[in-house]
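Undergrad: Sharing a structure, written as C-alpha cells. Questions coming.
Please treat every number below as a calculation from the coordinates, not as lab data. What you see is a predicted model, and the numbers here were worked out from it, not measured in a lab. Counting neighbours? That spans all protein chains shown, and the Cβs are built from the backbone with ideal geometry, glycine included.
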Amino acid sequence: MASSPPPPADATELQGGRPSLRVAALTLAALSAPALLDPGAIERAGAHWRLAEAAQPYWPGALALELWLWAPLVALSACVLFLAPGLALSAACGAASGLGRWLMCALAASLVSVSALAGALGVWAPELGRGAPFGWCVASFAALAWTGLLVRAARAAPLPGPTTLAPQVAPALVVPFALFALLGPKFHWESFNGDGVHAFESIRLLLVQPVPFWPEAAGDIRGFPGLTSMLFAFPGAWFVRLFGENEGAARVSVALYLAGVFGAVAALVEHARGALRASEAWLIWGALALYLLVMAFSASYDPYSADIALPATQDTLLVACVLGAIVASLRGERAWTALFTLLSYVSLPSGLMLLGLWLVAAWLCVRPRPTAGLAALALALVACVAATRVAPTLLDALGLPRPGGEYESLLSRFAYLQIADVRRTLFALAPCGLVPGLALLAWRRFDGVSRALALMALGYFAFFYIQAYVSLHHFVPAMLLPLAAFWRSGFAAAPSSARAARAAVGAGLALALWLSWPASWTPLVHARRVGERLQAQVEGYEHSAPASLAAASALRHLFPPGLAPQVPGESYGGSPYIWNRYARRAGDEHAPTTNYWLAPEQLEPPSGVEHVASENGFALYVRDREAWSADAHKPLPHPPGAALYTIDRGRLFLGAKPRSEGPTIYDLRALRRRWTRG
C-alpha cells in the first residue's frame, strides 16, 4: 500500500516578507472597495427582473456594463471583503503556509468571526447591521486584524507564508467573476423555488434573532433548518445584510464556498508535493464552474427551476468544511481539526457520515497513520453529537426557538431501494468533468490519502445510489471528493504524463459541459408575476414575524404543491412560501391588478371577491377565476436542467408513485409485511 509523503516544510516566513504582507493587505482593500462603495448594485441588478421575459435574457443590451461588469464586480468584492478578516486571523495562527491552506482556513475563521460580529451588531447596534454601515464594520474589523498581523511581522515573529500567490489567485478571481457575469439572470432575476425561499427566509431570520430557528407559531416552515443543517444561513446573512433582501444576496455566497473547496483541494496538493501549478489551478476552477452550472440548472426538486440559494450553497459549504477537516487531521492540527469538524457537523447531517468514512478510510489507507489528527477528529465528532442532545434544552433556557427536524427521517429512505439505475454513476462523474472520477480506477497510482478520499467518495456514492428516492444534490460529495483525490495523486504533475493528463482533463470538461447543457436557460419569474397580483394584509413580514409565515399556509389552496401529481403537466404548482415572499404588502388593495387577497379571517374582505379557503386563522380570496386559471395553466419550461440529470418526479419524493417506467423499486416494508404474514 502506497504511503503518503510528509508535508513539505513551511520554509517561507512572512517575518521577512513585510512588504508582501502590505501588498496583500492593500490588494484586499482595493478588491473590497466596490462592495463598500456601492452595495446597492445587487439590488439594482435584481430590479431589472422583467428582462428575464425578453427574447434574449442573457443579452442585457444597454445595461451590459451594469449587469456584466459592475454587479459581478460588487458581488466578487463582497466575497473578498468577508474573507479578509479570516485571511488575517488564519495567517496569524500560522495557517498561511500555502495559498490553498490559507484560503481554506480563512473561510473557517471568517465563518466564526464575521458571524459573531454580525450577531453582536444585530443585538447591540442594529443601525450598523445592514447596508453600507455593516460593510464598513466588517472592513474595520479586517483592518484591525491586518494591522495586528503587520505589527507582529514587524517584530520579526515567525509566520509561515506561501512561496507564490499570483498563479493561483488569478483563476480564483476570474472564474467567479465570469460566473457572476454569465449567470447573472440566474443569480439576480429568477424567482425563488421552494428550496430557495426556505433558505432565504432562514437567512432573513438571522437579521432579527441570533439563531435561524422558527418558533411553533410560524407553522410548517419551522421544520428547517436544524442544528445539523444551519451553517449556510450565517454567511448567507452577511450578504443579505450588505446587499439587502433580494435574490442575488441569497445566492452569491456560493462563490465563497467554491473558493473554500478550491483552497482545500489545493491544500491537499500542497501537503503532498508543493504548490499547484497555474494550469492545474485553472483546470480545477474549470471543474468547479461546470459543477456550479449543473447545480444552478439541474439540481432541484422543483419541476421548473433549480435554485442556487439551496441546495448549491449548503452542499458546497459542506464539502469545503469536510475537506478542511481532512487536511487539518492529516497535519495533526488539533484546533483546526476540531473547528472544521464542528463546521462540517452543523452544515448537513451527511457531514457526520463523511467524517466517519474518512476516519475508517484514513486508518486503512494512510501510512504513517495520522493518529493524533484522527483522534482529534473522532473526539470532536463525539463532542458534537453530545452537544446536539443538550442544545435544545439550552435554547429553551435562553428563550430561543428550538431547531427544526427536517432531516431526522433520512434513514426511512432505506425502506425503498433499487440497484439497476446505473445512470446514477454519471451523476457523480459528469459534474466535475468525468476524468477525476474515472481516475479512481487507477488505484495503484494513488498515494494513501488519495486512496482514502477515493474510498470516501465510493462509500458515500453507494449510500445514495441504492436509495430509490434521491435528488441530484445528494451526490455532491461524490462529485467533488474525486476532484481532490485526482489532483492530489499527481497525474497532471508527473513529467511523463503531465501534458496528456491535462489534455484529458480538458477534453473531459468539454464533453461533460455538452452533457450538462441545460434544456432551458430561461429564468423563471412566474412567481413574481403571481406576487404582483397578491395582496397580503398580514403585518410583520419585514421583521420575520411568525404570523407572516404562518399565513402562507392558506396559499397552499392557490396552487397545488410542487410534489402533487398534476404538477407540472396539468397545473402550475410550488411552495406557498414563494407566493408569500412576492406578495404586495402595501399600497391600494383595490388596485385593478390585484386578483388574490390573503388576510386574517376577522378582517372584512374587499367587495367583489370570492372566499377560496381558510387555514390557521387566515383567509384566501380570489376576484377573477379566469385570471386564476390562466396563472395555473401558464406554459412554463420543464424540466429546466440537462436530460442526463433528469429524475422522474416520483423518484424525488419519498412515497410518491413513479410516473414512468424505470428500475425496479424494492419496498422493504411491504416485503417485511408479506414475510410476517407468511
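Undergrad: Quick check: net charge around VAL74, other residues with Cβ under 11 Å of its Cβ, Lys/Arg +1 and Asp/Glu -1?
TA: -2
Undergrad: Taking the Cα centre of each part, how many Å lie between the range 466-517 and the range 80-116?
TA: 27
Undergrad: Net charge within 9 Å of ALA266 by Cβ-Cβ distance, Lys/Arg positive one each and Asp/Glu negative one each, not counting ALA266 itself?
TA: With Lys, Arg at +1 and Asp, Glu at -1, the neighbours total -1.
Undergrad: Residue by residue through the range 324-330, what is 3J(HN,Hα) from phi via Karplus (6.51 cos²θ - 1.76 cosθ + 1.60, θ = phi - 60°)? Round to whole Hz and write x for glycine and proline.
TA: Per residue, the Karplus-derived 3J(HN,Hα) values read x, 5, 5, 4, 5, 5, 5 Hz.
Undergrad: Next question, about the same structure. So what's the angle, to the nearest 10 degrees on a 0 to 90 scale, between helix 448-465 and the longest Cα principal axis of the chain?
TA: Computed tilt is about 20 degrees.
Undergrad: Can I ask one more? Name the long-range amide H neighbours of VAL612: under 5 Å, sequence gap of 5 or more, or other chain; modelled H, no Pro or chain starts.
TA: Amide H neighbours of VAL612, under 5 Å, 5+ apart: LEU620, TYR621, VAL622.
Undergrad: At 222 nm, what helix-only mean residue ellipticity would the chain give, in deg cm²/dmol to the nearest 500, using -39500 (n - 2.57) for each DSSP H run of four or more?
TA: So the helix-based figure for the chain works out to -17000 deg cm²/dmol.
Undergrad: Name the long-range amide H neighbours of GLY574: under 5 Å, sequence gap of 5 or more, or other chain; modelled H, no Pro or chain starts.
TA: GLY562
Undergrad: State, as an integer percentage, the relative contact order of the chain based on alpha-carbon contacts under 8 Å between residues 6 or more apart.
TA: It comes to 16 percent, rounded to a whole number.
Undergrad: If you don't mind, there's one more thing I want to ask. Fewest first, what order do MET230, MET479 take by the number of other Cβ atoms within 10 Å?
TA: MET230, MET479
Undergrad: Once phi is turned into ³J(HN,Hα) by the Karplus curve 6.51 cos²θ - 1.76 cosθ + 1.60 with θ = phi - 60°, what whole-Hz value does each residue of the range 602-611 show in order, with x for glycine and proline?
TA: So the Karplus estimates, Gly and Pro as x, are 6, 6, 6, x, x, 6, x, 10, 10, 6 Hz.
Undergrad: In what sequence do SER202, SER614, SER471 fall when counting other Cβ within 10 Å, fewest first?
TA: SER614, SER471, SER202
Undergrad: In addition: Starting with the highest mean, order 221-227, 358-364, 603-609 by the number of other Cβ atoms within 10 Å, averaged over the residues of each peptide.
TA: 221-227, 358-364, 603-609
Undergrad: Relative to the first principal axis of the alpha-carbon coordinates of the chain, what is the inclination of helix 99-124, with its axis defined by its Cα atoms, in degrees from 0 to 90 and to the nearest 10?
TA: Once rounded, one gets 40 degrees.
Undergrad: For the range 196-206, what does the Karplus curve 6.51 cos²θ - 1.76 cosθ + 1.60, with θ = phi - 60°, yield as ³J(HN,Hα) per residue in whole Hz, taken in order and with x for Gly and Pro?
TA: 3J(HN,Hα) across the range 196-206, in whole Hz: x, 6, 5, 4, 4, 5, 5, 5, 4, 4, 5.
Undergrad: Counting other beta carbons within 10 Å of each Cβ, put HIS543, HIS271 in order, fewest first.
TA: Listed from fewest to most nearby Cβ atoms, that is HIS543, HIS271.
Undergrad: Output the Kirkwood hydrodynamic radius of the range 17-403, Cα pairs only, in Å rounded to one decimal.
TA: Hydrodynamic radius (Kirkwood, Cα pairs) of the range 17-403 is 21.3 Å.
Undergrad: Cβ under 15 Å from VAL366's Cβ, VAL366 left aside: what net charge do those residues give with Lys, Arg +1 and Asp, Glu -1?
TA: For residues surrounding VAL366, the net value is +4.
Undergrad: Non-local amide H neighbours of TYR416 (under 5 Å, H modeled in plane, Pro and chain starts lacking H): which ones?
TA: Counting only residues 5 or more places away or on other chains, the set is ALA468, LEU668.
Undergrad: To the nearest 10 degrees, how steeply does helix 334-345 sit against the main Cα axis of the chain, on a 0 to 90 scale?
TA: 20
Undergrad: Please state the Cα pair-distance histogram of the range 526-632 with 5 angstrom bins from zero: what percent is in each bin?
TA: P(r) for the range 526-632, in whole percents per bin: 2, 13, 25, 27, 20, 9, 4, 0.
Undergrad: Sticking with this one: How many angstrom lie between the C-alpha centres of the range 420-444 and the range 226-274?
TA: About 25 Å separates the Cα centre of the range 420-444 from the one of the range 226-274.
Undergrad: In whole Å, what is the distance between the alpha-carbon centres of the range 552-569 and the range 171-196?
TA: If we compute the Cα centre of each part, the gap is 27 Å.
Undergrad: So how compact is the range 170-209: Cα radius of gyration and Dmax in angstrom?
TA: 13.8, 38
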